[in-house]
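In what follows, a structure is listed as structure tokens, so that the remarks can point back to it.
Derivation of every value follows stated rules applied to the coordinates shown; laboratory data play no part. These numbers were taken from a predicted model, which means no experiment stands behind them. A quick note on method: Cβ atoms are made from the backbone with ideal geometry, for glycine too, and the neighbour counts reach across all protein chains shown.
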Number of protein chains: 2
Amino acid sequence: MNAEIITIGDEILIGQIIDSNAAFIGKSLNAIGVSVYQITSIQDDKTHILKAFKEAEENADIIIVTGGLGPTKDDITKHTIAEYFDDTLVQNKEALKNIKHLWKHYVKQPLAQVNIDQALIPSKAEALINAYGTASGIWFSRRNKIFVSLPGVPYEMKALITDSVIPKLKATFKLPFIYHKTLLVYGVGESIIAERIENFENNLPSFIKLAYLPSLGRVRLRLSAKGNNKEAILEEVQQQLEKLTPLLEGIFFSYDEDKPIELVIGKQLQKQKQTIAIAESCTGGEIAKRITANPGASKYFRGSIVAYATQTKIDVLNIDAQLIQKHSVVSKEVAKAMAKNTQQLFGSDYALATTGNAGPTKGDSNADIGTVFIALATPTKTLVEEFSLGQHRFKVIGKAVNKAFEMLQKEIFKN
Amino acid sequence: MNAEIITIGDEILIGQIIDSNAAFIGKSLNAIGVSVYQITSIQDDKTHILKAFKEAEENADIIIVTGGLGPTKDDITKHTIAEYFDDTLVQNKEALKNIKHLWKHYVKQPLAQVNIDQALIPSKAEALINAYGTASGIWFSRRNKIFVSLPGVPYEMKALITDSVIPKLKATFKLPFIYHKTLLVYGVGESIIAERIENFENNLPSFIKLAYLPSLGRVRLRLSAKGNNKEAILEEVQQQLEKLTPLLEGIFFSYDEDKPIELVIGKQLQKQKQTIAIAESCTGGEIAKRITANPGASKYFRGSIVAYATQTKIDVLNIDAQLIQKHSVVSKEVAKAMAKNTQQLFGSDYALATTGNAGPTKGDSNADIGTVFIALATPTKTLVEEFSLGQHRFKVIGKAVNKAFEMLQKEIFKN
């Protein structure tokens, strides 16, 4: 079962926004065994939209379109869909009821004609009611193909995909089983790994694919299998993993649940009823940001301090000015003191601290660009590591954040 | 002049990564007057890649491909391009020299055959040397069309686009002038704006397009004009703006340079030689994160505290426990005290503080979900505002961050 995702909007093509909708839809479809054959992004242009619809219908069983359902003149998707299906727009009662409800509760202004017009839906389509906005989703079924049009506003689209589209697709099609297993590998690049596992890779059965996903300081190896017999697939992937992991000795870190490491850490801290606090210099709040992106973080996250300036380290983190004087602000000693003081200040079980130079110019120290010290205060000791993370600001920050989470993960999973 | 961007990689289609490459390329092309006709994302599949190449060549003058140039078996783009152009791969001296250089300086391990093979480039193509990785870009020219293949690793792709592809395209084609002007509008939704400016919109000349870009708590209106006569275009857009802005009285906030608000604020603070510090509760570090994402932030950003737990507000921010007891932790009084104490603690000119309830459940207070207090301490006073930001965690956080930046922007631009 193949799908094509079509995202419509000039703002995507001029690069004003990054199209995160397609990734969300791709992930959701994949999870129910639908392969995404292609993602196509096009302008709000009728001729081009019609052409994309036609091509998608030739190649895919399921076509999911986002964008261009708003109330303004640049939103032409709905009229274009009606034309494509040789249909006319009629007022949909459920959609109108939803618009009136949203207006009454959230907008508290009179309904304009353009808002009422948002209840116009092609007569042969089913309206998918949008709990978060006035643009309904549109569901067409023709010649065993499903055609869905959704608003481009991410949270509206997400709710419609999860609550309406996925359940309806599962009810419509008999879908195959898709299984991904991802291994996290550290310390060597993908070419070294490829040489190590060349034989393994050449002997993989055809229904299992291997992908290398390199990112800052790590490579993820993903095995993907697809078929109708769930048990047979799980069994075969398991057998392949038993061949693969010994080949990765010394560099294999963990299976990756495709969950961010901060989520795995948060779950474990919560389980152990422990807490964490952070002091960030060169990582500038990125560690805290990633932790607090998850609801429920308040159960294990006590708080954090971004101590950018040296004076802030002294004033807020109570670091001894003489210690900084003696060892420099980018040093093992200062990192350790930052972690310890943060642990004390916040009364947390663990505290992470970073100090380093992310570039592009040297800051309050003479440390080389890319030099980062990360310290971790645990209930029993304070660890510190020095890293040399390259030359580019975003790479240094990104790698430092990953290293910090890895240090923390190793320690908390020892318990 | 039309371009198509083709991004290749299973990880895009299964939604494991969000394709940010296409947006960067789209923005870069747009800035030199090249319109992006379509963005197409496809799997690492030879037949499909060849089909996409053929279709792109029919529709576009410039085809830019990313992904699939790595050293591993799942990277098939290079071989597929060679086949498409009926060409063979030969060792490119410059590319090999670059690989050896990178290996010597960064990897410090022996070169594997797969790395040497990365110097293989189609014989009719030009290699675009990649300063940050071993996969060279590939530049083909055929029948007045340009075909460029780039690695998918974002920072490698970005450097190649900026340093090689854009200068070469400017040297190859005579390009039109494209101009965007974006207006930031607050307080009403896009449908209300559309009604207000209906006449204006209907009378726009055909070479100027108007787009509505709604996001959390604001709408951006973008005028886009394109043509060969730069002066005439700037003149016409200016005339249209003079018609448009009076129609937006009371809701027009500022022109948007398509620069993030935190960058505009940072520039202004730096100009005024002033500093800022932040205390974040419900926004969880997002404000600090957005400030420190910009190099040079250390010049005006003193630091921040994420004070998630009530106890942290007492211990770290020195908020009087009785004040919290009396007014609740989500209150005007606590927000003001947080801002004032942060200003003092960090010795900054300004301090922003947020306290609120982002949901999904109530935290240390009984405040309604969506209630957020934002306080701003300035050199002369402390302002505080109460907001009611809806029901969804990410919306509440996103809107609160925007509101905080807006409060700050208004104050610092008064000077």
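Key figures for this structure:
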| item | result |
| --- | --- |
| The stretch B:150-217: C-alpha gyration tensor shape, a/c 1.5 cut-off, then a/b vs b/c | oblate |
| Residue-span extension gain [B:Ser123 to B:Tyr155] - 0.36 nm each, minus C-alpha spacing | 8.9 nm |
| Neighbouring partner chain Cβ atoms per residue of A:58-70, average, 10 Å criterion | 1 |
| Degrees separating the helix A:332-346 axis from the principal Cα axis of chain A, which is the longest one | 70 degrees |
| Which of A:Leu204, A:Leu352 has the fewest Cβ neighbours within 10 Å, and the rest in rising order | A:Leu204, A:Leu352 |
| Proportion of all alpha-carbon pairs of chain A beyond 37 Å (%) | 43 percent |
| Relative contact order (percent, whole number), chain A, Cα cutoff 8 Å, 6+ residue spacing | 10 percent |
| Net charge dipole size for the stretch B:1-96 [Lys, Arg +1 and Asp, Glu -1 on Cβ; Debye, nearest 20] | 200 debye |
| Nm distances between copies for A:Pro260, ranked from closest, using label points 7 Å along Cα→Cβ | 1.4 |
| Net charge contributed by nearby residues that have their C-beta within less than 15 Å of B:Gly9 (K/R +1, D/E -1) | -3 |
| Positive dipole terminus of chain B, leading residue within B:Ser164, B:Thr66, B:Thr77 (C-beta point charges) | B:Ser164 |
| Cα→Cβ-extended label distance, 7 Å offset, between B:Phe413 and A:Lys46, nm | 3.9 nm |
| Dipole of the stretch B:258-415, positive end: most advanced residue of B:Leu389, B:Gln344, B:Ala358 [Cβ charges, Cα centre] | B:Gln344 |
| Efficiency of FRET between B:Lys93 and A:Ser388 - r from beta-carbon atoms, R0 35 angstrom, step 0.05 | 0.70 |
| Assigned charges on the beta-carbon of Lys, Arg, Asp, Glu; the stretch A:300-415 dipole about Cα centre (debye) | 180 debye |
| Other copies of A:Glu231: label-to-label distances in nm, shortest first, labels 7 Å along the beta-carbon direction | 8.1 |
| Inter-copy spacing of A:Lys243 label points, which lie 7 Å from Cα along Cα→Cβ, given in nm from shortest upward | 6.9 |
| Global geometry of the protein assembly as shown, whether rounded, prolate or oblate, following the gyration tensor of its Cα atoms and the 1.5 cut on a/c | rounded |
| Dipole axis of chain B (+1 Lys, Arg; -1 Asp, Glu on Cβ), positive-most option in B:Ser224, B:Ala297, B:Phe200 | B:Ala297 |
| Excluding exposed DSSP-loop trypsin sites (Lys or Arg not before Pro) (at most 13 other C-beta within 10 Å), longest clean stretch of chain B | B:1-107 |
| Modelled FRET efficiency - R0 22 Å, B:Asn318 with A:Lys299, Cβ distances, 0.05 increments | 0.35 |
| Dipole magnitude of the protein assembly as shown, debye to nearest 20 (Cβ charges: Lys/Arg +1, Asp/Glu -1, about Cα centre) | 1680 debye |
| The stretch A:79-237: C-alpha gyration tensor shape, a/c 1.5 cut-off, then a/b vs b/c | prolate |
| Residue order, fewest to most surrounding Cβ atoms within 10 angstrom, among B:Tyr37, A:Tyr84 | A:Tyr84, B:Tyr37 |
| FRET efficiency estimate (nearest 0.05) - Cβ-Cβ, A:Gln239 to B:Tyr255, R0 60 angstrom | 0.45 |
| Contact order relative to length of the stretch B:186-323, as percent, for alpha carbon pairs under 8 angstrom and 6 or more apart | 17 percent |
| Nearest 10 degrees, 0 to 90: helix B:93-102 Cα axis against chain B principal axis | 40 degrees |
